[in-house]
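K.L.:
Sharing a structure below in structure tokens format, with a few things to ask.
Any read-out appearing in this document is the output of simple, stated calculations on the displayed coordinates, not a laboratory observation. Keep in mind that this is a model prediction, so the values were computed, not measured. Here Cβ is always computed from backbone atoms with ideal geometry, including for glycine, and neighbour counts include all displayed protein chains.
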Amino acid sequence: MLKDKNIILGITGSIAAYKAAYIIRALVKKGAKVQVVITPAGKEFITPLTLSTLSRNPVISEFFSNRDGTWNSHVDLGLWSDAMLIAPATAATIGKMANGIADNMLITTYLSCKAPVFVAPAMDLDMFAHPTTQENLDRLRSFGNHIIEPSEGELASHLIGKGRMEEPDVIIQRLEDFFVGQQELSKKKVLITAGPTYEKIDPVRFIGNYSSGKMGFALAEVCAQKGAEVTLIAGPVSLSVHHPNIRRIDVESAEEMYQQAVKLFPETDAAILCAAVADYRPQEQAEEKIKREATGEIALHLVPNKDIAAALGKMKKKNQIVAGFALETQDAVAHAQEKLQRKNFDFIVLNTLTDEGAGFKHDTNKVTIIDKQGIIKDYPLKQKQTVALDIVNKLTELLV
Ligand code: C5P
């Protein structure tokens, strides 16, 4: 899978930089073309001579060559690459990446890179556990970067804990898996609904809910990374999409979401209905802002919205897959199974609000996937990006 792939290897100032030599050797052996970009601190740990010999390419470190003034174009490099791997990635580099501090060639290359980026952190256990580092890593994940978690073990400080850069063969495997995965959903069209809906009361007020859209947006990114053409129907959220294969359609109300979903569904291979659609809307929408002084006590009369999931479940053809979500507070599995049947889903993703860190607004989620064959699989608490991968793997299993 790595044959003829163009890989930028970013190396930063960590003792684990010696492992970069093994990474280059393995990449080159597998037929990849490797361009090393090293930070000034990285050169204190491993020499450019070693790296250029192994990669068969001059190593880039500065914006231009001191010898002849040749400009190293980070833009060209970013466009050339099929993947960028930063291994080892120090806390400083991770912080700069998370905040766009483009003061060296590695960070400018990262910012110019349109290809997937893999980050393999390496640092002392306390630095890794620090909320600053964790928050920066979360930011990188939210931008669609792939974090290769460090393992636990003895560190350069002789302390034992989590912070050791993952071994080169594991890192290479992650890259290979990614390139295999990139084709799994190619030529497939996936429709995803995400976020809350807002149901207008008057021009300035609405009925909404706490859904952040993070789960649906993560699903869209993962499907696109696996080669699918994704249409994301998004309720009002403050998130952005990153992958070029995601077409985003913004809607506000359940009715608007319904109209888009039923229009687009016949063209798609699969739909994942992740949106927290309001079940009711006010029957009347006031044309002018409702004034407290004028009205005193008021009653809102609510009427039911259309169930998008049930509608698509009914429209579903033999070769189409529909997956939905359930959020239950009691008898969760039984209710989810009932919902799976009633809405004609192929599988349902259950999350319970009672689990710490799961559900609305959080970056983590804990789910159970139940399919129509009755197979029930529990997953541990994970980052929403990783949960998205589990869900999309289930979809892939049924779709291809
Ligand atoms: O019935 P309930 O709202 O619990 O069902 C949740 C599932 O149905 C989710 O997949 C959600 O996106 C979908 N749904 C929908 N349209 C509605 C209500 C729920 O698509 N009006």
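K.L.:
In nanometres, what is the gap between the two model label sites at ILE375 and ASP250, each 7 Å from Cα along Cα-to-Cβ?
P.N.:
Taking the simple label geometry, ILE375 and ASP250 are separated by 4.0 nm.
K.L.:
What fraction of the Cα pairs in the stretch 141-247, stated in percent, has a spacing above 20 angstrom?
P.N.:
Every Cα pair in the stretch 141-247 considered, those over 20 Å come to 57 percent.
K.L.:
While we're looking at this one, here's another question. Tell me the relative contact order for the stretch 1-116 as a rounded percent, counting alpha carbon contacts under 8 Å between residues six or more apart.
P.N.:
Over the stretch 1-116, the number comes to 32 percent.
K.L.:
So, one more: Dipole of the chain, Cα-centred, from +1 at each Lys and Arg C-beta and -1 at each Asp and Glu C-beta, to the nearest 20 debye?
P.N.:
1140 debye
K.L.:
Oh, and also: Taking Cα atoms, how many degrees apart are the long axis of helix 254-264 and the longest axis of the chain, rounded to 10 and kept between 0 and 90?
P.N.:
Relative to the chain, helix 254-264 is tipped by roughly 70 degrees.
K.L.:
By DSSP, what percent of the beta bridges with both residues in the stretch 55-179 are antiparallel, rounded to the nearest 5?
P.N.:
45 percent
K.L.:
Using each residue's phi in the stretch 151-160, evaluate 6.51 cos²θ - 1.76 cosθ + 1.60 at θ = phi - 60° and report the 3J(HN,Hα) Karplus result to the nearest Hz, with x for Gly and Pro.
P.N.:
9, 8, x, 6, 9, 4, 6, 6, 7, 10
K.L.:
For LEU327, LEU49, LEU77, what ranking results if the residue with the fewest other Cβ atoms within 10 Å of its Cβ goes first?
P.N.:
Ranked by crowding around the Cβ, least crowded first: LEU49, LEU327, LEU77.
K.L.:
Still on this structure, please answer the following. Highest first, please rank the peptides 190-198, 371-379 by the mean number of other Cβ atoms sitting within 10 Å of their residues.
P.N.:
190-198, 371-379
K.L.:
Take the eigenvalues of the Cα gyration tensor for the chain, scale each by 5, and report the square roots as semi-axes in whole Å, largest first.
P.N.:
44, 23, 21
K.L.:
By counting other Cβ atoms within 10 Å of each Cβ, how are HIS301, HIS74 ranked from fewest to most?
P.N.:
HIS301, HIS74
K.L.:
Follow-up question, since we're still on this one. What does the charge count around THR352 come to, taking other residues whose C-beta lies under 14 Å from its C-beta (Lys +1, Arg +1, Asp -1, Glu -1)?
P.N.:
Result for the local shell: -3.
K.L.:
Given R₀ = 41 Å, FRET efficiency for LYS291-ASN319 by Cβ-Cβ distance, to 0.05?
P.N.:
0.15
K.L.:
On C-alpha positions alone, give me the angle between the axis of helix 168-181 and the longest principal axis of the chain, in degrees, nearest 10.
P.N.:
Taking the Cα atoms of the chain, the angle to 168-181 is about 40 degrees.
K.L.:
List the aspartates and glutamates whose Cα sits under 18 Å from the Cα of LYS29, skipping any in the same chain fewer than 8 residues away.
P.N.:
The reachable aspartates and glutamates, counting only those whose Cα sits under 18 Å from LYS29, are ASP4, ASP82, GLU167, ASP169, GLU176, ASP177.
K.L.:
How many percent of DSSP beta bridges within the chain run antiparallel, rounded to 5?
P.N.:
Expressed as a percentage, antiparallel bridges in the chain total about 35.
K.L.:
With both bridge residues required to lie in the stretch 202-346, what share of the DSSP beta bridges run antiparallel, to the nearest 5%?
P.N.:
Approximately 30 percent, going by the DSSP bridge assignments.
K.L.:
Please give me the summed charge of the neighbours of ASP169: other residues whose Cβ is under 13 Å from its Cβ, Lys and Arg +1, Asp and Glu -1.
P.N.:
With Lys, Arg at +1 and Asp, Glu at -1, the net is +1.
K.L.:
Using only DSSP helix segments of four residues or longer, with each worth -39500 (n - 2.57), what per-residue ellipticity at 222 nm results for the chain after dividing by its residue count and rounding to 500?
P.N.:
-10000 deg cm²/dmol
K.L.:
Pop out the Kirkwood hydrodynamic radius of the stretch 197-312 from its pairwise C-alpha distances, inverse of mean 1/r, in Å to one decimal.
P.N.:
15.7 Å
K.L.:
Another question, then. Going Cα to Cα from LYS291, which aspartates and glutamates come in below 17 Å? Please leave out same-chain ones fewer than 8 positions away.
P.N.:
Straight-line reach from LYS291, under 17 Å: ASP202.
K.L.:
For the stretch 42-127, just the Cα atoms, rotate onto the principal axes and tell me the three extents in Å, largest first.
P.N.:
42, 27, 23
K.L.:
Right, next: Given just the C-alpha atoms of the stretch 263-400, how large is their convex hull per residue in cubic angstrom?
P.N.:
It is 164 Å³ per residue.
K.L.:
Bins of 10 Å, beginning at zero and ending with the bin holding the largest distance: percent of Cα pairs per bin for the stretch 136-190, please.
P.N.:
For the stretch 136-190, the pair-distance distribution reads 20, 33, 33, 11, 4, 0.
K.L.:
Which entries in LYS114/LYS316; LYS200/LYS382; LYS200/LYS394; LYS187/LYS263; LYS189/LYS384; LYS189/LYS339 show an alpha-carbon gap greater than 28 Å?
P.N.:
LYS114/LYS316; LYS200/LYS382; LYS200/LYS394
K.L.:
Now for a separate question. Translational D (Stokes-Einstein, µm²/s) of the stretch 244-339 at 37 °C and 0.692 mPa s when Rh comes from the Kirkwood sum over C-alpha pairs?
P.N.:
202 µm²/s
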